[in-house]
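The values are calculated or read from the model by the stated rules, or taken from the named source; none is laboratory data. It should be emphasised that the depicted structure is a prediction, and the values quoted were computed from it without experimental measurement. With ideal geometry, Cβ positions are generated from the backbone for all residues, glycine too; neighbour counts draw on all protein chains shown.
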Amino acid sequence: MNPADSVFMRACRREPVPHTPVWFMRQAGRSLPEYRQVRADVPMLAACATPDLIVEITMQPIRRYGVDAAIFFSDIVVPLKAIGIDLDIKPGVGPVVADPIRDRRGVAALRRLEPDDVPYVTEAIQSLVKELGGTPLIGFAGAPFTLASYLIEGGPSKNHDHTKAMMYGDAPLWHALMDRLTTIVTDHLRLQVEAGASAIQLFDSWVGAVAPADYREFVMPYTSRIFAALADLSVPRIHFGVGTGELLALLGEAGADVVGVDWRVPLDEAARRVGPGKALQGNLDPATLLAPFDVVAERARDILARGGKAEGHIFNLGHGVLPGTDPDQLARLTALVHES
């Protein structure tokens, strides 16, 4: 089967489907013993630059769960590392930037991403497309706001103090940074699709920290530019953020085909907020999978019922799989969604 005809792609296009498709954010990761085994002595960024490892880790949940889409194994900071930013991913912390960007000199150091910067991405995607057969592969990137926050703060942040200080206090510098990041993200996503990815997802993990008016002024022009720049590729474009209940209408307006919804807003209400012409993705609380399966099943069926109010629905979690999740819970959940 051609991936374009798969149930996942049809749901993204808001076409009729025989069952609700399902995949899970972070479906390849620390919850899988086979992942922990292959990553035992390999740093994260080294794994993200090794085609054989990328292929193996991407395929692990496909083999184990039979989900309806694979997502490319990588990290949102990979393109930043590839253009020379001094950063690392520290276990238990996340991305850490050696020299945070807080002035024009730092912004000027952000050059465009070239295909030769990430040959392992192209090689791995081409191999994966052959191995996946009719299962679609989702490429992804971090959105400009989230990447900007890591670069400005120097790592994860609860309050995004320095980020908001620049956004509010030095708008020209903020817009210059977002402009450069938008070009990098667009080039990275285009490269993945040209290598064979069937869909793309833009992760804006931290954008829930901004108010709607600030999103519209300081963030939305750049996400919209990314989606518009990829329109000619004719692949589904998914937009996901955490804590974005108050931003759902704007996320829909930004130009994606599918809006990801975290667990805080029921899908029928999310469909109302997003408006017509979009599919929805989500939105089981990942922590639910730590409960007995009868609880998981009850909540999943409720999500499937509410998802029926959307024009298209891809079942997913409201964020990534938690490391302590029992893989058998995900296998049973996949089967339940397919049978419902």
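Results, tabulated for the structure shown:
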read-out: Residue check for F315: among the hydrophobic types (A, V, I, L, M, F, W, C), within 27 Å of E34 (Cβ to Cβ), modelled with pLDDT of 95 or more and surrounded by fewer than 20 Cβ atoms within 10 Å (Cβ to Cβ); value: no
read-out: So A4, is it under 22 Å from G282 (Cα atoms) and not in a loop (DSSP other than H, G, I, E, B); value: yes
read-out: Helices (runs of 4 or more DSSP H) wholly inside region 111-184 containing at least 1 residues that are within 29 Å of E217 (Cα to Cα); value: 144-153, 161-169
read-out: Within region 13-31, considering residues that are within 15 Å of the chain's Cα centre (by Cα) and of a type in the set (A, V, I, L, M, F, W, C), the one surrounded by the most Cβ atoms within 10 Å (Cβ to Cβ); value: V22
read-out: Top-ranked residue of region 37-49 - restricted to ones that are assigned to a loop (DSSP other than H, G, I, E, B) and surrounded by 15 or more Cβ atoms within 10 Å (Cβ to Cβ), ranked as farthest from the chain's Cα centre (by Cα); value: R39
read-out: Which listed residue is touching a His at 6+ places or on another chain (Cβ under 9 Å) and polar (S, T, N, Q), from S157, S74, S127, S149; value: S149
read-out: Residues being touching a helix residue (DSSP H, G or I) at 6+ places or on another chain (Cβ under 6 Å) and part of a loop (DSSP other than H, G, I, E, B) - total across region 305-320; value: 4
read-out: Failed criterion for D99 (all others in (1) assigned to a strand (DSSP E or B); (2) over 25 Å from A197 (Cβ atoms) hold); value: (1)
read-out: One residue from L173, L177, L132 being within 23 Å of C48 (Cβ to Cβ) and crowded, with 17+ Cβ neighbours inside 10 Å; value: L132
read-out: Residue check for V121: surrounded by 19 or more Cβ atoms within 10 Å (Cβ to Cβ), within 14 Å of A197 (Cα to Cα) and touching a His at 6+ places or on another chain (Cβ under 9 Å); value: yes
read-out: Near pairs, Cβ below 8 angstrom, 6+ apart or cross-chain, from region 120-139 (more than 20 Å from Q201 (Cβ to Cβ) and free of Cβ contacts under 8 Å to residues at least 12 places away in the same chain) to any residue that is buried (at least 21 other Cβ atoms within 10 Å of the Cβ) and of a type in the set (K, R); value: none
read-out: Residues that are among the hydrophobic types (A, V, I, L, M, F, W, C) and either exposed (fewer than 13 other Cβ atoms within 10 Å of the Cβ) or under 24 Å from the mean Cα position of the chain (by Cα) (or both), drawn from region 86-118; value: L87, I89, V93, V96, V97, A98, I101, A108, L110, L113, V118
read-out: Qualifying residue in region 149-164 (condition: farther than 20 Å from D117 by Cβ, surrounded by 18 or more Cβ atoms within 10 Å (Cβ to Cβ), among the hydroxyl-bearing types (S, T, Y) and out of contact with any Gly (no Cβ under 9 Å at 6 or more places or on another chain)); value: yes
read-out: Residue check for N316: without any contact (Cβ under 8 Å) to a residue 40 or more places away in the chain, under 20 Å from the mean Cα position of the chain (by Cα) and closer than 20 Å to Y65 by Cα; value: no
